[in-house]
Each structure stands twice: as C-alpha cells, then as structure tokens.
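Report on the structure given below.
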Amino acid sequence: MLFRNYRKKTDEQLMILIQSGDHHAFSSLYSRYADRLNAFFYRMLWSDSTMAEDYVHDLFSKIIERPQLFKSGYLVKPWLFQIASNMCKNGYRKKSFEMEYLQQLQVTGIAESVAEQKLDEKIITDQIRLSLEKLDEDRRTMFLLRYQQELTIEEIAEIFQIPKGTVKSRLFHIKKFVESSIKN
Amino acid sequence: MENEFNRLDEILRTKTYADLNDEDRAWIDEVVGRSGFEELSSLVSSVSRERERAVSSNVKTDLVREMKKKHRGALAVWLSYKTPMYANALALLFIAVSVWVFLPAREVIVEKPVTVRVPVVDTVTVQLPSDTVFIERKIRVEVPVYLTRTAAPKEVNEKEVRSKPLAEDEALRELLVSGK
C-alpha cells in the first residue's frame, strides 16, 4: 500500500482500487479531476462558485458511497462527466422550480431582497455566462465538454449515449444560436 | 455536415478571424458570418482558458475522511467505539500472557563434547616362535553427547570404566617372560 505509485496508475486502475476501499487511490483520482469538474460545474451552474464546489463534493461523495456503479471496461473520464452532466440536469430542474416559486412570490407582492439583487447584477456582468445562456442545456454541456474540458467527440458521444454524428451536428448548430443572438 | 463541423471545430480551436486564409475566410463568412465567428471564437478561447478551477482544500479533507470512515475495518471500528481504551489494553495483555504460559516449551538440543574415559582394550599378538609382542592401546575417545533441557548427561563413573593394567595380569606376564 505504502509503495504503490498512484501517479503511474490509470484512472480505471484507481477506480478498481477505490472499489476495494483504497483512500490513497481516491485522493489521487480526486486530485486529477476535482478542479476540472469544478470549472465545468461553475460554467454549467450560472457561474456560482459555492454551488460548483458543493456539486464537486456531492459527485465524489457518490463515488465513495457507490463505487461499484463504475463498471470495468468503461473509461473513468466520460463516466465522471456523465455523472456531472446528470447532476446539472437535476440542478436546472431544481432551479426552474425555484424560479416558478419566486415568480409566484413576486406576483403576490413580496420583493427580492437587496442582497439577491446585488448578486444577480454581479452574475449578469459575466460575459461568458451570458453567451453560454444562449445555448440550450444539452448544447451548453456539449460545448463546455468539447472546448473547456477538451473531450473528444467519441467521449462526448459516450456521455450522451448518442452517435458521434449527432454530437457533431448539435455542436455545429450552435452557430444558429449565435446568429440569432447577433440578430437580436 | 460532419466535414463542415470538423472544419469549423478545427478553425475555432486554432485560429482567430485575422489568421484565416482567403479560402477559410470565405467559408466562415458564408457559414457563420464574421461577427458570429468572432463571438464563437471569443467564447471558445475564454472557456478553454478556464479548464480548471481550484476547489478549496477542506472539500478534499472532508471527502478523504468520509472515505476512510466508510472503509474502516471491523477491528478498527470495534477498537474505536465498542470498548474503552483500558479494556483493549487489558485484553491484549491477557492474550500475551496466555500465549506465554500455554505455548508448549520447545525442546532445545545442543551438542556438548565431553571427554569420557573408556575401558582400555589391549590387543596382544603373540607370534610363535618369535618373541615379538605388539600392543595397541586406545586410551581417549571423544564422544558427542546430546543434551536436552529435561535430560542432563550422566556423570561417567571412572571406577566402572577403569580396567586392570596389563602389568598386573600375572598370568600374561608369566607367559610373556617365560616364552612358553
């Protein structure tokens, strides 16, 4: 255990060690992916750094709780980003409920707090966030996976479980969103 | 479509609008337009610069603690929670003493050379008619004796092994001297 060279191990080998309860392997896998996942969550979740860190924590907690979810023969990187994408989908769903609730509050005359207004103003100034918000959920995920995390088209296809051609087609149509936003 | 994507993807990741050659520039103008390309290109270069974002160290500490807690062995759990520390120490002491007392003693065999007086054997060869007498005598022999912890070697009784000297055997002397 003490003399294992974790740096030389592949992600898949580390996952197998994690499944047998090796916390050094866990620590090593965390070091490889935590910052990348944090950057991904940050851009996916409205540039909210606290929420992004919470999601990183939750994702790795899932791995600790149920490491057997990783099946040998698959690759770890797409698997991790697949979990992250699914977590973001849940996050969007939760956010839409919250927005509906807030709208109801506004209808009933309860105003937003000053702190919330300031936070919103701060977020709106983030140009990348504004640009990303023009994309729908799936395209935003694909765009970030491709150009932020530099995943291959094959890896993205594996994450979404769709053919490579479909990934390329969806990414290519991002240009339409850009065109429409420029016209607006 | 796939070829078009591959071309746009390559250009977006490697070039700005100013870097484009005439052919690529014409193609980009047709497909996405200059302003569209510049917006996309700017977005791609911005997100690619933030591939990593540091997570605060306490997240890792919490997770590693969680991992260790989940995979702690049954013995460690028992030692930590089920009994107080002095009880564990007493249990270990009891086990150590039990092993010491009840373990069967191993028989240690050592070799110790001792010198033992052995009965003197005289061989007398008489050649008739000649009067020549040969006498061979062995007076010391080293015998290995194996000792065990439970069985000590017996002392050799010198009286038992001492025999009568040749000179005292009168009959033999008479035979030799007389030459009969």
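The values are calculated or read from the model by the stated rules, or taken from the named source; none is laboratory data. In this text, all values refer to a predicted model and were calculated from it rather than measured experimentally. Here the Cβ positions follow ideal geometry from the backbone for every residue, glycine too, while neighbour counts run over all protein chains shown. SASA here: full protein model, heavy atoms, side chains in, ligands and nucleic acids out. Shrake-Rupley method; radii C 1.70, N 1.55, O 1.52, S 1.80 Å.
Key figures
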read-out	value
Hits in the stretch A:142-167 (condition: more than 8 Å from chain B (Cβ to nearest Cβ), open to solvent by less than 20 Å² (accessible area, probe 1.4 Å) and within 17 Å of B:PHE5 (Cα to Cα))	A:MET142, A:LEU145, A:LEU151, A:ILE153, A:ILE156, A:ALA157, A:VAL167
Test: residue in the stretch B:100-114 that is surrounded by 10 or more Cβ atoms within 10 Å (Cβ to Cβ) and either modelled with pLDDT of 75 or more or among the polar types (S, T, N, Q) (or both)	yes
Scan of the stretch B:25-40 for residues that are touching a helix residue (DSSP H, G or I) at 6+ places or on another chain (Cβ under 6 Å) and open to solvent by less than 20 Å² (accessible area, probe 1.4 Å), ordered by number	B:ILE28, B:VAL32, B:GLY36, B:PHE37, B:LEU40
Unique residue being more than 8 Å from chain B (Cβ to nearest Cβ) and open to solvent by less than 70 Å² (accessible area, probe 1.4 Å) when the list is A:ILE16, A:ILE63	A:ILE63
Search result, residues across the stretch A:38-53 that are more than 9 Å from every other protein chain (Cβ to nearest Cβ) and surrounded by fewer than 23 Cβ atoms within 10 Å (Cβ to Cβ)	A:LEU45, A:TRP46, A:SER47, A:ASP48, A:THR50, A:MET51
Any hit, the stretch A:72-90, residues being without any contact (Cβ under 8 Å) to a residue 40 or more places away in the chain, within 11 Å of chain B (Cβ to nearest Cβ) and open to solvent by 70 Å² or more (accessible area, probe 1.4 Å)	no
A:ASP126, sole failed condition from (1) crowded, with 20+ Cβ neighbours inside 10 Å; (2) at pLDDT below 95	(1)
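Yes or no, residue by residue, for (1) assigned to a helix (DSSP H, G or I); (2) at the interface with chain A (Cβ under 9 Å from one of its Cβ atoms):
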residue	(1), (2)
B:ARG13	yes, yes
B:SER42	yes, yes
B:ARG53	no, yes
B:VAL59	yes, yes
B:ASP62	yes, yes
B:ALA87	yes, no
B:ALA96	yes, no
B:VAL101	yes, no
